[in-house]
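One structure is given here, and the rest of the page talks about it.
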Amino acid sequence: MDMHIRHSHLYTNEKKRGIICIENLQDGKAHLISSEDLAKDIQSIRFRLDLGTFTHEGLQEAYERIGLEVFTIKVLVTAEDNENLKTLLNEHEKLLKSQGSSLY
């Protein structure tokens, strides 16, 4: 429920910062990205994946091999103005690894 509320505010004119998760639903692998503008960056990620120009080779190859239907691009967490995005990214990468998830 809380995540839904966060998403509903994503597409306002106000920029939201946080962590984006690109997840392969087939094998559970994920890639996390910090963002100063979640809505803009989610659109940009999808565009770059579709064009074949995403910067992470392993993720791009999987996307091209498996297809977009198997991937989700979502806001993992929104950040407060005073939160350090790099620290937040590292914390969530460690959390996913501790839960048994693999990262690209």
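Descriptive notes on the structure:
- Every residue from the stretch 22-37 that is in contact with an Asp or Glu (Cβ under 8 Å, 6 or more places away or on another chain) and either hydroxyl-bearing (Ser, Thr, Tyr) or loosely packed, with under 14 Cβ neighbours inside 10 Å (or both): SER35
- Verdict on TYR63 being of a type in the set (Ser, Thr, Tyr), farther than 12 Å from ILE20 by Cα and in contact (Cβ under 8 Å) with a residue 40 or more places away in the chain: no
Bear in mind that the values in this text are calculations on the coordinates, not laboratory data. What you are looking at is a predicted structure, and each value in this text was computed from that prediction instead of being measured. Glycine gets a Cβ as well: all are built from the backbone with ideal geometry, and neighbour counts include every protein chain shown.
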